[in-house]
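These notes are about the structure you will find just below.
What follows is calculated from the coordinates using simple rules that are stated; it is not laboratory data. The structure displayed is predicted, hence computed values, not measured ones. Positions of Cβ are generated from backbone atoms using ideal geometry, with glycine treated the same way; all protein chains shown enter the neighbour counts.
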Ligand SMILES: [Zn+2]
């Protein structure tokens, strides 16, 4: 029903964006290479099995392609990636050593949004089979994940995405464990994400494309994009995104007949309130690639556009990225190397502040917005006014609030110490390509510790976790670090990942994600009649204690009238009190320390 309304509504747009050269192009295609999507009349997408078979066929046909597993889903499906390289050497070592940039194409992180998979089939066919784009392999290596959320892909139905206009059947947004993989990049709870991070860490790709379909308002654009360009990404990469990639990519995609715009998020309710762009946090693919010193492109086709246009516009934007990487002036590998090296220099050697939170400012530029007219009508369903899109395109000038500044920051220590009992944290860091060493011999050193106060837990789970926000004060202490503890030096190319994961101020730190919630629980309590006796002894034997207590009694009426608080005050000042209560187990070593 809903679908019918949409296709009537967008009939003029379909004509406007229709391709004229598909029929001509298809005549050259050997029948065995026609995709399911094409056979379906551009409205269907193949099953997991059929998709993997099609991608595997490339490897039988061409010596430039190889398919391999990289993990298993919770429901037991294999995760696959296809490597395409003209060198014929598909090892991670060869790909990393190659002078050609490595492009990583990720499809189906939300597998209800699957045009990337169908678009990649068409693109690879032109590179490996029909050959019109075979020369591209002279300048680039490509790794493709055909479907990331494989269990979600097979939970398919006509009814999985109420807002979306096809394909006929589509997968589900989350994994079989109901986790959203595009919130899981930092915390890496899903087995699929753990496998993905192992793969990415082994390959260290130069550029990531993450293909999606968007929700939200209706507008004319077939495809929108998200790219980090604030202080969460290294300056030289951010410069390249703003001044080279975006103008090139927009022109390329528009030349192929698709309207393209930055990701459409309004500041308020309406387009007139303006568009906003903000620094993406590293739970998302683009925010994550930024702290790995790489550019990540979020592709979001518009849910209401026909599936055909969504697939071809996704193909177009991927082509734009490849041809941009091929341009000699892009020099992406060099820029990535600079970003890796100067991240260490800036934050480890020079002690510069690393931003862990951002805020948008009121600065804006004008933006030409291509919207769809909305009119208000009475709704007999809600009993209030409803918005009805008329299908009429219109263009207005609106502000684009595209300034985001660091709102909070931290400095990097020389190293972090992770106690052995928190090995889960060490293991997660290793997934991100962080080098974690084990302390070989017990050593004594001064550390900085955090003691938490004013903490607050989320009232409902988010992504299966109860998150916590907290304030803290710092203090130093001379401690013995036992053999078997973990040490993480910050002079690594992954320094931004390390700081993001281990500094509690960061919104995606493991503390905030609830990895260490047990440390917020007090586990020992006193009996009042025992505490009365101990307190009395303390009061008469320690003059300083007595003075401090009396002062508190004089100055704090609430305290004076609270029997439990008075007893507890002595407990907290006694040697019986748990010294580890509310203390962050991970310690900072500020000065040089050898292992
Ligand atoms: Zn998505």
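Evaluate E = 1/(1 + (r/R0)^6) for residue 349 and residue 518, where r is the Cβ-Cβ distance and R0 equals 51 Å; express this FRET efficiency to the nearest 0.05.
Working from the Cβ atoms, E equals 0.90.
Cβ neighbours within 10 Å, averaged per peptide: list 113-121, 323-331 in order, most packed at the top.
In decreasing order of mean packing, 113-121, 323-331 become 113-121, 323-331.
Tell me whether the stretch 2-350 comes out rounded, prolate or oblate; compute the Cα gyration tensor, take square roots of the eigenvalues as a ≥ b ≥ c, and use a/c under 1.5 as the rounded threshold.
Rounded.
Using packing as a proxy for protection, rank 279-287, 293-301, 404-412 so that the peptide with the highest average count of other Cβ atoms within 10 Å comes first.
293-301, 279-287, 404-412
I'd like the orientation of helix 307-326 relative to the chain: the angle between its Cα long axis and the longest Cα principal axis, in ° from 0 to 90, rounded to 10.
70
Stretched out fully, how many nm does the piece from residue 61 to residue 564 gain, at 0.36 nm a residue minus the Cα gap?
Extra length available between residue 61 and residue 564 comes to 173.3 nm.
By how many nm would the segment from residue 456 to residue 47 lengthen if fully extended, with 0.36 nm per residue of separation less the alpha-carbon distance?
Fully extending the segment from residue 456 to residue 47 adds 142.8 nm.
Residue 591 versus residue 366, label points 7 Å from Cα toward the beta carbon: distance in nm?
Reported label-point gap for residue 591 and residue 366 is 6.0 nm.
With viscosity set to 0.890 mPa s and temperature to 25 °C, compute the Stokes-Einstein D of the stretch 25-91, Rh being the Kirkwood radius across alpha carbon pairs; µm²/s, no decimals.
Once the numbers are plugged in, D ends up at 180 µm²/s.
Quick one: helix 246-255 against the long Cα principal axis of the chain, what's the angle to the nearest 10°, folded into 0 to 90?
Result, in degrees: 30.
Need one word for the stretch 528-573: rounded, prolate or oblate. Basis is the Cα gyration tensor (sqrt eigenvalues a ≥ b ≥ c); a/c below 1.5 gives rounded, then a/b vs b/c decides.
oblate
Quickly estimate the mean residue ellipticity at 222 nm for the chain, helices only: each DSSP H run with n ≥ 4 gives -39500 (n - 2.57), and the total goes over all residues, rounded to 500.
-9500 deg cm²/dmol
Helix 563-573: angle to the longest alpha-carbon principal axis of the chain, degrees 0 to 90, nearest 10?
90
Within the P(r) computed for the chain, what percentage of the Cα pairs occupies the region above 32 Å?
54
Pull out the extension gain between residue 328 and residue 409, defined as 0.36 nm times the separation in residues minus the alpha carbon to alpha carbon distance; nm, one decimal.
Net length gain for the segment: 25.6 nm.
Share of antiparallel DSSP beta bridges in the chain, in percent to the nearest 5?
Roughly 75 percent of the DSSP beta bridges within the chain come out antiparallel.
How would you classify the stretch 490-546 from its alpha-carbon gyration tensor, with a ≥ b ≥ c the square roots of the eigenvalues: rounded for a/c under 1.5, else prolate if a/b is greater than b/c, otherwise oblate?
Prolate, because a/c is 1.5 or more and a/b exceeds b/c.
Given points 7 Å out from each Cα along the Cα-Cβ axis, report the residue 160 to residue 446 separation in nanometres with one decimal.
Here the answer is 5.7 nm between the modelled labels.
Hey, can you rank 190-196, 160-166, 520-526 by average C-beta count inside 10 Å, highest first?
Ranking, from highest mean packing down: 190-196, 160-166, 520-526.
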